[in-house]
Amino acid sequence: MPYNCEQIAMRHSHSSKAAVVEPAIDDRLPLLKRVQEILGVDQLRSDQELVARVEQGLSTKTLDGLRRCGLNDDELYTLVVPRRTLTHRRARRESLSREESDRVVRIARIAALAEHVFGEHERAWKWLRASQRQFRSRNPVQMLSTEAGARLVEELLYRIDEGMAA
C-alpha cells in the first residue's frame, strides 16, 4: 500500500516506527499542503479529508493544477483521462470519476514527494521524465499509470532521499 502524506512526512523525518502511527501534525503538513497547492483545492486538514474528496470526485479544474505543476497534455490524457472524455465532462460540468480523481492524487502525491526529495521543482520533473534502469528504462511518469508503478517510484524516491539509491 502506498504511503499517505502523513507517512511520507514521518519517513522523511527519520522517526521511529512508533511515530508513523501518530505523526506530529507539523511533520505531515508540508507534503499535504503541497498536494493541496498542486490540486488547487481548499485547505486539507488530513489525508482522510483528501480521501473523501477523491470518493466524491474532484473537479476537472484539478487537472489545470497538474499542468501547472509540470504534467503535459499527452501525459494527462494518458495517465488520468482521455481527451474526449474530459471534453464531455467539462461540457456537462461533471466531476472526475473516483478512479480518475485517484489518479490525479497519485500524480500530485508523487510530484510533491519528488519536489521534496530534489529540493526544487525543475530538478524533480527532470528526474520524473528521465529513464530509470530500475524501471526497465521507463521514466517515473510512465510508471504512474498504475498504483503498483507509483509505489515503485515512491520507494525509489525514498531510497534517493535516504542516500541508498545507486
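Bear in mind that the values in this text are calculations on the coordinates, not laboratory data. If you're wondering where the values come from, they're calculated on a predicted model, not measured in any experiment. Here the Cβ is made from the backbone with ideal geometry for all residues, glycine too, and neighbour counts use every protein chain on show.
Sorting 130-139, 110-119, 70-79 by their mean Cβ neighbour count within 10 Å, with the most densely packed peptide first, gives 110-119, 70-79, 130-139. Each residue of segment 121-126 was assigned a 3J(HN,Hα) from its phi angle through the Karplus expression (A = 6.51, B = -1.76, C = 1.60, θ = phi - 60°), giving 4, 5, 5, 4, 6, 4 Hz with x at Gly and Pro. Judged by the ratio a/c of the largest to the smallest principal axis of the C-alpha gyration tensor, segment 29-141 counts as oblate, that ratio being 1.5 or greater while a/b is no larger than b/c.
Need one number for segment 100-159: average projected area of the convex hull over its C-alpha atoms, nm².
Details: hull surface 14.4 nm².
Approximately 3.6 nm², given one-decimal rounding.
Across segment 66-77, rounded Karplus estimates of 3J(HN,Hα) from the backbone phi angles (6.51 cos²θ - 1.76 cosθ + 1.60, θ = phi - 60°) give 5, 5, 4, 5, x, 6, 8, 4, 4, 5, 4, 5 Hz, Gly and Pro being marked x. Distances between placed amide hydrogens fall under 5 Å for LEU58 paired with LEU96, SER101, all partners being 5 or more residues away or on another chain.
Using the per-residue mean of other Cβ atoms lying within 10 Å as a proxy for protection, in what order, highest first, do the peptides 88-98, 144-154 fall?
Details: 88-98: 13.4, 144-154: 17.3.
So the peptides 88-98, 144-154, ranked by packing, come out 144-154, 88-98.
Can you put ILE38, ILE107 in order of Cβ neighbours within 10 angstrom, beginning with the fewest?
Working: ILE38 23, ILE107 26.
Sorted ascending by nearby Cβ count, the order is ILE38, ILE107.
Rounded to the nearest Hz, the phi-derived 3J(HN,Hα) couplings of segment 91-98 under the Karplus curve 6.51 cos²θ - 1.76 cosθ + 1.60 (θ = phi - 60°) are 5, 8, 6, 9, 7, 5, 5, 4, where x marks glycine and proline. Amide H to amide H, with H built 1.01 Å from N, ARG138 comes under 5 Å of GLN132, counting only residues 5 or more places away or on other chains.
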